[in-house]
Amino acid sequence: MSDYNTELYKEQYLLKKICFFSDKSISLLINSSTLIAITGFSLPFFSFLLYDINVDFRLLLASFFVTFAVYSLNKLTDTEEDKINLQNRAEFTIKNRYYIILSVIISSFAAVYLASSYTIFAILIIFFPFCIGFIYSIKVANFRLKDIIFMKSLSVALAWAVIGAFIPMVVDSRGIKMISFVFVFFFIKLFINTVIFDVRDINGDSLNGVRTIPVFLGRKKTRILLLIMNSILIFWLIFSYFQGFFHRYFIVLIFATVYGYWYILYFCRETINIRMSRDLLVDGEFIGIAILASLYSYNSIFLLNLP
């Protein structure tokens with residue numbers, strides 16, 4: 001073998017190792033609920049910026065831990081559906097069941113501990129998504145929110161909207177009108193986000209009797225519904241602009257709206273076989289938005305301070 005071929009072989013081998021390691025790392029982030037927990041950190045971070053309130057990282061960590069706990073609990077209760085929809089996640093959950101249970105307990109206590117250093121208001125906000133997650137995931141007297149059509153998406157969107165709209169209010173206050181605008185934005189975005197994943201899980205949910213919106217309406221009608229909901233954000237942008245809200249981050253908000261159209265059209269297609277990209281591009285949306293808003297905020301402040 002020539003030196004050139006040897007070097008080429010080494011480069012290809014190294015590239016394969018890097019791809020394998022990246023694939024395993026991303027899979028671990030998704031299956032362990034770490035990625036969605038980072039979103040639980042990023043969404044209220046963006047909310048702090050929208051309100052123009054100094055970021056409180058203890059509250060963001062509390063949001064991280066409660067998100068991790070809620071979604072880990074959901075993985076434990078959704079194993080049967082995941083065996084059909086997401087075999088890798090089901091295998092991960094079954095294999096690490098006791099570690100996941102322990103992580104749910106530890107994360108829940110960590111979230112409450114961090115919130116307890118503030119007022120009772122902070123504890124209630126942190127407890128709200130956990131309570132929603134509990135009655136959403138676990139059957140009590142043969143009842144759980146997940147089995148009621150529309151309630152699954154509404155309850156998940158509500159939990160996220162409460163976190164996004166009200167966590168910054170623990171350390172500072174804003175008018176009810178601005179809070180309402182922030183709440184509506186997060187509610188619509190996360191409702192769409194949740195239904196996008198129900199489109200992915202349509203086969204497993206149908207077989208297990210879970211009546212989600214895609215199961216009830218079908219893929220095409222669900223896509224139309226989500227496009228209509230995303231279009232509401234155009235009016236939201238217009239009204240918020242003339243109210244004088246969020247001008248510094250208006251480009252970021254426009255990007256979020258346009259991006260919503262893209263992933264609705266892309267992930268609601270009939271023939272699409274996707275592994276982890278849906279989690280990264282949809283669940284990870286607010287991670288990217290938070291980074292973009294941070295950069296935009298930094299540049300805006302820098303430009304304003306130029307002589």
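The values are calculated or read from the model by the stated rules, or taken from the named source; none is laboratory data. All of these numbers come straight from a predicted model, not from anything done at the bench. Heads up, the Cβs are rebuilt from the backbone with ideal geometry, glycines too, and the neighbour counts pull from every protein chain shown.
Mind telling me which of the residues 210, 182 ends up being at pLDDT below 85, within 19 Å of residue 158 (Cβ to Cβ) and β-branched (Val, Ile, Thr)?
Selected residue: 210, the only one of 210, 182 that is at pLDDT below 85, within 19 Å of residue 158 (Cβ to Cβ) and β-branched (Val, Ile, Thr).
Could you please find all residues in region 159-177 being in contact (Cβ under 8 Å) with a residue 24 or more places away in the chain and surrounded by fewer than 19 Cβ atoms within 10 Å (Cβ to Cβ)?
169, 171, 172, 174, 177
With part of a helix (DSSP H, G or I) and at pLDDT 90 or above as the only criterion, which of 104, 70, 55, 66 stands out?
Criteria check complete, one pass: 66.
Given 222, 257, which one is within 24 Å of residue 293 (Cβ to Cβ), part of a helix (DSSP H, G or I) and either in contact (Cβ under 8 Å) with a residue 24 or more places away in the chain or in contact with a strand residue (DSSP E or B) (Cβ under 7 Å, 6 or more places away or on another chain) (or both)?
257
Any chance region 150-171 includes a residue that's under 21 Å from residue 71 (Cα atoms), at pLDDT below 90 and outside any helix (DSSP H, G or I)?
Looking for residues that are under 21 Å from residue 71 (Cα atoms), at pLDDT below 90 and outside any helix (DSSP H, G or I), one finds at least one in region 150-171, hence yes.
Taking into account only those residues within region 6-52 that are at pLDDT below 90, in contact with a Phe, Trp or Tyr (Cβ under 9 Å, 6 or more places away or on another chain) and among the small types (Gly, Ala, Ser), which is surrounded by the most Cβ atoms within 10 Å (Cβ to Cβ)?
The qualifying residue surrounded by the most Cβ atoms within 10 Å (Cβ to Cβ) is 33.
Please indicate, with yes or no, whether at least one residue in region 76-93 is of a type in the set (A, V, I, L, M), in a helix (DSSP H, G or I), surrounded by 14 or more Cβ atoms within 10 Å (Cβ to Cβ) and at pLDDT 90 or above.
So far as region 76-93 goes, no, none of its residues is of a type in the set (A, V, I, L, M), in a helix (DSSP H, G or I), surrounded by 14 or more Cβ atoms within 10 Å (Cβ to Cβ) and at pLDDT 90 or above.
Let me confirm something: among 198, 205, which residue is at pLDDT below 80 and either of a type in the set (D, E, K, R) or part of a helix (DSSP H, G or I) (or both)?
Criteria check complete, one pass: 205.
Output the residues belonging to region 114-125 that are in contact (Cβ under 8 Å) with a residue 24 or more places away in the chain and part of a helix (DSSP H, G or I).
Passing the criteria: 114, 115, 121, 122, 125.
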